[in-house]
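The values are calculated or read from the model by the stated rules, or taken from the named source; none is laboratory data. Fair warning: this is a prediction, and the values are worked out from it, not measured in the lab. Here the Cβ positions follow ideal geometry from the backbone for every residue, glycine too, while neighbour counts run over all protein chains shown. The accessibility values were calculated without ligands, DNA or RNA, using every heavy atom of the protein model including side chains. Shrake-Rupley method; radii C 1.70, N 1.55, O 1.52, S 1.80 Å.
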Amino acid sequence: MSVNVGLISNGVVVAPWLIRVWGLEPNAIPLPSKTTRITFKNNFEIRTIPRHYARSFWALRADTREDLLCLSGAIENMKRTHHCSELCPTHIGQRVVLEGWVHSRRDLGGVIFIDVRDREGRTQCVFDPSDLTPELFSQAAALRSECVIRITGKVRARPAGTNNPKIPTGEIEVMSAELEVLNVAEVLPFPVDDPEAAAKVNEELRLEYRYLDLRRPEMARNLRLRSKVAAATRGYMDEQGFLEVETPLLFKSTPEGAREFLVPNRRDPGTFYALPQSPQQFKQILMVAGVERYYQLARCFRDEDQRADRQLEFTQIDIEMSFIEREDIYNLIEGLIKRVWKTALNIDVPTPFRRMPYQEAIDRFGIDKPDSRFGMELADFTEEFRASTFKVFSGTVANHGVVKAINAKGLACVTQGQMDTMTELAKSFGAKGLAFIKVEGGEWKSPIVKFFSAAEKEALTKKLNIEEGDLILFAADQWLTACEILGKLRLYSAEILKAQGKLSIPANRFDFLWVVDFPLLSFDKEQNRWYSSHHPFTAPVAEDIPFLKSEPKKVRGQHYDVVVNGVELGGGSIRIHQPDLQRTVFEEVLQIPPDETRTRFGYLLEAFRYGAPPHGGIALGFDRMLAILCGTPSIRDVIAFPKTAKGVCLMTESPAGVSTRQLRDLHIEVKTSKQA
C-alpha cells in the first residue's frame with residue numbers, strides 16, 4: 001500500500017487530502033511504488049511512498065525537488081521497506097529494511113542465519129563475518145529468540161539447493177549490513193517457533209502468557225481469519241440492505257434461560273443491571289421501530305459451566321428482519337455461509353441446504369444437530385420385538401416405548417474399557433445397562449441372543465446389514481430417550497472407528513442442513529409445567545395455534561437451526577408479533593404470573609400495541625463458526641483472550657477481589673462460607 005505526498009511551491013511536503021483541499025488535480029493515477037511520479041496540471045509534482053512513511057512527511061519542509069528526494073531517501077533508510085513475507089526474486093539486488101522478531105537463529109560454519117518474523121511471515125537473513133564488523137557480528141551472535149530487531153541489507157538469491165518451498169520468501173535471503181536491537185527478550189516460558197513443541201505446552205501456561213501464544217503462526221492465522229470473516233460478514237449484510245445497530249450491554253434480568261451476570265446499580269441500591277444473554281428483545285423492538293433489517297456482531301454473556309465450545313462471553317452474528325417468512329431467513333443465511341466459506345477456505349458451498357424436520361433428525365440420528373457425513377443411522381425394531389420373549393424389549397413396547405438399534409460396522413473389536421464407557425453413556429440417560437451383539441467368527445456373541453427368534457434375527461440382519469466384525473447396540477425406552485442414547489453411542493463409535501482408520505471423513509467436507517419444525521414447548525416434570533423449547537417469543541406454526549391450551553405437546557414452533565457436521569452453527573425463529581398471542585403464551589401456557597409478565601416484558605407488549613410488523617431472525621455463533629473454519633475443536637483458539645473452563649483469565653488474573661470502599665459504594669456486603 002502507498003500514499004501520495006506532494007511538494008508545494010512554498011516547499012512544504014503535504015498529504016493528498018491537502019492537495020485536494022487546495023484544488024490541485026493530478027493528471028494520472030499513482031501506482032503503489034515508491035518512485036512513481038505524478039505531474040499536476042500546474043506542473044507541481046508528487047511522488048508515492050509507502051504508507052508507513054506518510055506520518056513523517058506532512059510537516060516536513062523541502063526547498064527543492066532534490067531536497068525532497070534526499071529527505072525521502074533518508075527516511076526510507078530508517079523505516080522498514082517490506083514485510084517479512086513479501087520479498088521474492090524480483091527484489092534481488094534491492095536494499096531493504098526488515099523489522100520483527102527473531103524467529104530462530106542458526107550458526108552454520110561460522111555464518112549466522114536469522115529468521116526474522118512479523119505478522120505476515122518470515123525472511124531468512126544472513127550475517128557473514130567476512131562482510132561485517134566484529135562488533136555487528138557479535139551482536140547478531142548474541143540474539144535470542146523473540147528479540148525485536150531491525151535489519152538492513154541487500155536481497156540475493158539463495159544458493160542452489162537451499163530454497164525453502166514451505167515459505168513464500170524461500171527463494172531469497174537478505175545479506176545483512178546493519179542490525180539494530182529494538183528490544184531484548186527474556187528466555188521464553190515455552191517455544192513459539194516450533195508448532196509441534198508449542199502444541200504440547202499446557203494450555204493454562206499458554207493462556208497465562210497469551211501474548212506469547214498469539215505470536216505463534218497458527219494463532220496469528222486464526223486471528224487474521226477472524227478479522228477476514230468479520231469483514232466478509234459485514235460486507236454481505238450491507239449488500240443485503242441491513243443496518244448494523246449496537247444494542248445496550250446494560251440490560252435487565254430476564255431469568256428464563258441461562259444464569260445471568262448481574263451488575264449492581266450504585267445510584268439505586270438493591271437494583272441491578274444484567275449483561276444480555278442475547279439482544280433478543282432489543283432487536284424485536286428495532287423491528288417495531290421500523291428498522292426492518294438489523295444485524296450486529298453482538299457480545300453476549302452467560303454465566304454457565306464452560307465446555308470446549310462455550311465461553312462466559314462470546315460473539316454472535318445477530319440478525320432480525322421484518323415482513324418475512326422462514327424461507328427468507330434460509331436464503332439469507334445460505335448466502336452468508338456461502339460467502340464466508342468462499343472467503344475463508346475458497347470452498348464453494350452448494351445451496352440450498354437440505355431441510356430436515358426435528359422428528360426425522362431425532363429418529364434417524366438421535367440428535368437435533370445430526371452429523372450426516374457418515375451412516376450408522378438408527379433403525380426401529382419396535383414392531384419386530386413387540387411379542388419377543390426378551391422381556392426387556394417387549395415390556396418396553398407394551399409400556400408405549402420403542403426398541404431401536406445401530407450397527408457400528410467393524411467395531412466388534414471394541415475394548416472392554418470402551419464398552420464400559422458406552423454403558424455409562426446409556427446409564428446417564430436412565431438406562432439400566434446396554435444391550436449389544438458382537439459378530440465374531442461367524443457367531444453372534446451376546447447374552448441376549450438366546451432370547452431372539454429366527455424372525456427377529458432375520459429382521460436385524462436385513463435392516464442393519466449385519467456382517468462379520470460388526471457391533472450392534474440397542475436402546476429400549478421411551479422414543480426420545482432411546483433415540484438420544486443411540487445418538488450418543490453413534491458419535492462415540494464414530495470417534496473410535498476414525499481413530500482405528502476404519503472411518504474416513506475428508507477435512508474439507510461440510511454437510512450443511514436446516515433442522516426445522518421443532519416442538520414449541522417441552523415439559524418440565526420437576527416443576528410440572530411447560531417451558532419454551534427455544535424462547536418465549538417464538539411463533540407457533542399457524543395451524544397449531546388452536547392446540548396451545550388443549551394439547552401443547554402437538555404445537556410446532558417456527559424455529560430453525562442451521563447445522564454443519566454435527567455442530568449447531570446457529571438458530572432462530574419467526575417471532576410472535578401479536579400482543580394478545582404473546583400474552584397468552586406468557587401467562588396461560590408458560591404460567592408466568594401477570595405481574596411478573598408486566599415487570600419483565602411489559603415494555604415489549606406495550607410496543608407491540610403500536611403496530612409491530614411480522615418479523616423473525618437468527619443468531620449464528622461467530623466463535624464456533626471460526627473454530628470450524630480454523631479446524632480446531634476449541635473456541636478458545638479463535639478468541640484473543642479467552643477464559644479457562646473455570647471462567648478465569650490467567651493472564652490478567654481476573655476475576656479478582658475489590659476494595660472495601662468499592663463494595664461500600666455499591667451497598668454490597670460479601671458473606672463467605674466459613675472454612676471447616
Next on the checklist: Is it the case, given these coordinates, that Ala298 is open to solvent by 60 Å² or more (accessible area, probe 1.4 Å), of a type in the set (A, V, I, L, M, F, W, C) and under 21 Å from Ile329 (Cβ atoms)?
Outcome noted: no
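Rundown of residues vs (1) buried (at least 18 other Cβ atoms within 10 Å of the Cβ); (2) of a type in the set (Gly, Ala, Ser); (3) touching a helix residue (DSSP H, G or I) at 6+ places or on another chain (Cβ under 7 Å), yes/no style:
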position: Phe242; (1), (2), (3): yes, no, no
position: Lys252; (1), (2), (3): no, no, no
position: Arg259; (1), (2), (3): no, no, no
position: Arg267; (1), (2), (3): no, no, no
position: Gln277; (1), (2), (3): yes, no, no
position: Ala289; (1), (2), (3): no, yes, no
position: Asp303; (1), (2), (3): no, no, no
Item to check | Members of region 557-604 found to be part of a helix (DSSP H, G or I), under 34 Å from the mean Cα position of the chain (by Cα), of a type outside the set (S, T, N, Q) and buried (at least 16 other Cβ atoms within 10 Å of the Cβ), listed by number | outcome: Val585, Phe586, Arg600, Phe601, Leu604
Next on the checklist: Given the criteria open to solvent by less than 30 Å² (accessible area, probe 1.4 Å), over 27 Å from Val402 (Cβ atoms) and touching a helix residue (DSSP H, G or I) at 6+ places or on another chain (Cβ under 8 Å), does Leu471 qualify?
Outcome noted: no
Item to check | Selected residue [modelled with pLDDT of 95 or more and within 35 Å of the chain's Cα centre (by Cα)] from Asp371, Asp380 | outcome: Asp371
Item to check | Long-range neighbours under 9 Å by Cβ, at least six apart or interchain, first residue more than 16 Å from Val567 (Cα to Cα) and free of Cβ contacts under 8 Å to residues at least 12 places away in the same chain within region 484-508, second open to solvent by 90 Å² or more (accessible area, probe 1.4 Å) and assigned to a loop (DSSP other than H, G, I, E, B) | outcome: Lys498/Ser504
Item to check | Hits in region 379-412 - residues which are out of contact with any helix residue (DSSP H, G or I) (no Cβ under 8 Å at 6 or more places or on another chain), touching a residue at least 60 places away in the same chain (Cβ under 8 Å), among the hydrophobic types (A, V, I, L, M, F, W, C) and not in a helix (DSSP H, G or I) | outcome: none
Next on the checklist: Filter region 326-373 down to the residues that are assigned to a helix (DSSP H, G or I) and polar (S, T, N, Q) and list them by number.
Outcome noted: Asn331, Thr343, Gln359
Checklist entry - In region 441-458, is there at least one residue being among the aliphatic types (A, V, I, L, M) and either within 37 Å of the chain's Cα centre (by Cα) or open to solvent by less than 10 Å² (accessible area, probe 1.4 Å) (or both)? => result no
Checklist entry - Among helices (runs of 4 or more DSSP H) lying entirely in region 208-325, which contain 1 or more residues that are at pLDDT 95 or above and under 21 Å from the mean Cα position of the chain (by Cα)? => result 210-213, 217-239
Next on the checklist: Condition first: more than 16 Å from Arg326 (Cβ to Cβ), assigned to a loop (DSSP other than H, G, I, E, B), modelled with pLDDT under 90 and touching a Phe, Trp or Tyr at 6+ places or on another chain (Cβ under 8 Å). Can you find one or more residues in region 511-530 that meet it?
Outcome noted: no
Next on the checklist: Name the residue that is farthest from Arg355 (Cα to Cα), counting only residues in region 531-556 that are in a strand (DSSP E or B) and open to solvent by 10 Å² or more (accessible area, probe 1.4 Å).
Outcome noted: Tyr531
Next on the checklist: Checking the conditions here, which among Asp561, Asp595, Asp544 is under 20 Å from Ile329 (Cα atoms) and among the charged types (D, E, K, R)?
Outcome noted: Asp561
Checklist entry - Mind checking which residues of region 645-676 are of a type in the set (A, V, I, L, M, F, W, C), assigned to a loop (DSSP other than H, G, I, E, B) and under 30 Å from Asp268 (Cβ atoms)? => result Ala656, Val658, Leu666, Ile668, Val670
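So that you can scan it fast, the table gives a plain yes or no per residue for (1) farther than 25 Å from Lys498 by Cβ; (2) of a type outside the set (A, V, I, L, M, F, W, C); (3) open to solvent by 20 Å² or more (accessible area, probe 1.4 Å):
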| position | (1), (2), (3) |
| --- | --- |
| Leu332 | yes, no, no |
| Asn346 | yes, yes, yes |
| Phe353 | no, no, no |
| Ala361 | no, no, no |
| Gly366 | no, yes, no |
| Lys369 | no, yes, yes |
| Met376 | no, no, yes |
| Thr382 | yes, yes, no |
Item to check | Enumeration of residues in region 479-516 that are farther than 20 Å from Thr351 by Cα, open to solvent by less than 20 Å² (accessible area, probe 1.4 Å) and under 24 Å from the mean Cα position of the chain (by Cα) | outcome: Ala494
Checklist entry - Within region 649-670, is even one residue at pLDDT 95 or above, open to solvent by less than 70 Å² (accessible area, probe 1.4 Å) and under 22 Å from Ala298 (Cα atoms)? => result yes
Item to check | Among (1) among the hydrophobic types (A, V, I, L, M, F, W, C); (2) open to solvent by less than 60 Å² (accessible area, probe 1.4 Å); (3) modelled with pLDDT of 90 or more - the single one Ile92 does not satisfy | outcome: (2)
Next on the checklist: Just to verify a result, which residue in region 206-221, among those that are surrounded by 19 or more Cβ atoms within 10 Å (Cβ to Cβ) and not charged (D, E, K, R), is nearest to Val148 (Cα to Cα)?
Outcome noted: Leu212
Checklist outcome for this item: Scanning region 429-461 residue by residue, those assigned to a helix (DSSP H, G or I), farther than 19 Å from Leu486 by Cα and free of Cβ contacts under 8 Å to residues at least 40 places away in the same chain turn out to be Val449, Lys450, Ala454, Lys457, Glu458
Checklist entry - In region 518-530, how many are in contact with a strand residue (DSSP E or B) (Cβ under 6 Å, 6 or more places away or on another chain) and open to solvent by 60 Å² or more (accessible area, probe 1.4 Å)? => result 1
Checklist entry - Only one of (1) open to solvent by 60 Å² or more (accessible area, probe 1.4 Å); (2) touching a strand residue (DSSP E or B) at 6+ places or on another chain (Cβ under 9 Å); (3) at pLDDT 95 or above is not met by Ile466, so which one is it? => result (1)
Checklist entry - Which residue pairs have Cβ atoms under 9 Å apart, sit 6 or more places apart or on different chains, and have a first residue in region 540-565 that is touching a residue at least 60 places away in the same chain (Cβ under 8 Å) and closer than 23 Å to Arg529 by Cα and a second that is open to solvent by 10 Å² or more (accessible area, probe 1.4 Å) and assigned to a strand (DSSP E or B)? => result Gln558/Val516; Gln558/Ile574
Checklist entry - Pick from region 145-195 the residues that are in contact with a strand residue (DSSP E or B) (Cβ under 7 Å, 6 or more places away or on another chain) and outside any strand (DSSP E or B): which of them is most open to solvent (accessible area, probe 1.4 Å)? => result Glu171
